[in-house]
Amino acid sequence: MRLAGVLALLLAAAGTAAAHEPIHGVGPNTLWRGGTAVELEFEAGLMETLRHGSHRAGDPSRGAEQEGMVALHLAHGVTQDLLVFTALPLAFAREREDGDSEWSLGAGDVELGAKWRFWRRQTPGRALMGAAQVAVNLPTGRVSTDPPLGSGRPSVELALAAARDALDFYLWGDVRVQLPVPGRRDRVGFGAGADAAFGLRAWLPEYRGTDLVFLLEAGVWGETPGTHRGDLEDDSGGAWAWAGPGMLFFWDRFEAKLGVRVPLWRWSRGRQRMEDVGLAAGVGVMF
């Protein structure tokens with residue numbers, strides 16, 4: 001409860017980075033030249049179900065895992081079609097086994113990246129866009145804590161995103177791949193996935209007025225096993241599909257967002273706890 005109070009205060013004190021973007025996926029929007037965006041985002045996932053393959057596995061310990069972060073996102077428009085960004089997270093993790101709980105809190109994995117909007121077609125009341133994004137995950141989070149706060153392994157994520165941005169409704173879609181850094185004995189698995197979102201405006205916005213958008217998002221992700229000291233990890237890798245509602249609220253250059261994701265299907269390689277519900281919330285400002 002104390003942690004939830006701190007997170008609420010942080011969210012209330014900050015003024016989201018990218019306007020009219022999906023909550024869980026990648027969108028093609030950028031900033032104007034010289035524009036800066038600051039966002040404070042909270043993400044959390046609860047994993048209580050132990051799975052083996054596509055089935056629920058027995059769990060005598062009745063354990064659970066929780067993990068998430070409060071991340072400061074910064075973005076800057078190099079040009080109107082190119083932006084650079086970073087995410088500086090404060091991560092937290094909790095594990096419960098046989099009634100005993102352990103907590104970890106500290107710096108998480110830093111992300112650095114850039115997005116290039118390579119296509120934009122503007123017509124009255126509607127814009128079609130396409131963009132490419134690259135993001136590098138740096139293993140800055142501590143792995144010596146129990147539970148660990150980082151992956152301990154660098155990775156690169158490449159994404160292609162497209163959107164229909166209009167006065168009535170929005171459509172977003174993206175495809176993503178996760179690439180392990182070669183030449184290392186500890187590597188993440190190769191991952192691939194796609195996301196889609198539909199957004200419906202509650203009312204037609206006015207210039208510098210308020211804007212409320214309701215979202216429905218869905219996605220799928222699959223990942224091969226990672227390696228530890230050159231050997232495949234027994235209980236890693238899998239696939240899942242999810243969906244969930246969300247909302248975006250804009251006022252001038254301020255934004256607030258809230259989204260939930262729930263699994264539709266899960267498959268685990270080995271015995272793993274997979275996410276049962278996830279939450280993302282954020283507030284931000286552009287200037």
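The values are calculated or read from the model by the stated rules, or taken from the named source; none is laboratory data. Source: prediction; values computed, not measured. Cβ: placed from backbone, ideal geometry, glycine included. Neighbour counts: every protein chain shown. In case anyone asks, the SASA skips ligands and DNA or RNA and just uses the protein heavy atoms, side chains included. Shrake-Rupley method; radii C 1.70, N 1.55, O 1.52, S 1.80 Å.
Once a ≥ b ≥ c are taken as the square roots of the eigenvalues of the Cα gyration tensor of the stretch 193-287, is the result rounded (a/c under 1.5), prolate (a/b larger than b/c) or oblate (a/b not larger than b/c)? Prolate. You can think of it this way: the chain between Leu279 and Ala241 has 12.1 nm of extra reach, that is 0.36 nm per residue less the Cα-Cα gap.
How much length is gained on full extension from Thr123 to Arg201, taking 0.36 nm per residue of separation minus their Cα-Cα distance?
Between Thr123 and Arg201, full extension yields 26.2 nm more.
If you model the stretch 142-225 as an ellipsoid using its alpha carbon gyration tensor, with each semi-axis the square root of five times an eigenvalue, the axes come out at 37, 16, 11 Å, biggest first.
Provide the net charge surrounding Val285, with neighbours chosen by a C-beta distance below 11 Å and charges set as Lys +1, Arg +1, Asp -1, Glu -1.
Working: positive: Arg253; negative: Glu39, Asp252, Glu255.
Residues near Val285 contribute -2 overall.
How much net charge surrounds Val143 when only the other residues with a Cβ under 11 Å from the Cβ of Val143 are counted, with Lys and Arg +1 and Asp and Glu -1?
Working: positive: Arg142, Arg153; negative: Asp109, Asp146, Asp186.
Summing Lys and Arg as +1 and Asp and Glu as -1 gives -1.
Could you tell me what percent of the accessible area of the chain is made up of carbon and sulfur, with a 1.4 Å probe and every protein chain present? Don't jump to the answer; show the numbers that get you there.
Details: 9060 of 14700 Å².
Using a 1.4 Å probe with all protein chains present, the chain comes out at 62 percent carbon and sulfur.
Charge dipole of the stretch 94-144 (Cα centre as origin; +1 on each Lys and Arg Cβ, -1 on each Asp and Glu Cβ, all else neutral): 920 debye, rounded to the nearest 20. Accessible area per residue was computed with a 1.4 Å probe on protein heavy atoms; Asp235 scores about 90 Å².
Would the stretch 118-181 count as rounded, prolate or oblate if I go by the C-alpha gyration tensor, calling it rounded below 1.5 in a/c and otherwise prolate when a/b exceeds b/c, oblate otherwise? Walk me through the numbers before you get to the answer.
Values: a/c = 4.69, a/b = 2.79, b/c = 1.68.
Because a/c hits 1.5 or more and a/b exceeds b/c, the stretch 118-181 counts as prolate.
Modelled spin labels at Asp146 and Val181, positioned 7 Å past Cα toward Cβ, are 2.7 nm from each other. Ordering Gly244, Ser268, Gly230 by the projection of their Cα atoms onto the charge dipole of the stretch 178-287, which places +1 on the Cβ of Lys and Arg and -1 on the Cβ of Asp and Glu, puts Gly230 at the extreme positive end. Each residue, Leu171 and Glu102, gets one label point 7 Å from its Cα in the Cβ direction; the gap between the two is 4.9 nm. Averaged per residue, what accessible surface does the stretch 119-203 expose to a 1.4 Å probe, in Å²? Here the per-residue accessible area is 51 Å². Report the accessible area of His76, computed with a 1.4 Å probe over the heavy atoms of all protein chains in place, in Å² rounded to the nearest 10. The accessible area comes out at roughly 80 Å². What does the C-alpha gyration tensor say about the overall shape of the stretch 230-269? Classify as rounded when a/c is under 1.5, otherwise prolate if a/b is larger than b/c, or oblate. In terms of gyration-tensor shape, oblate.
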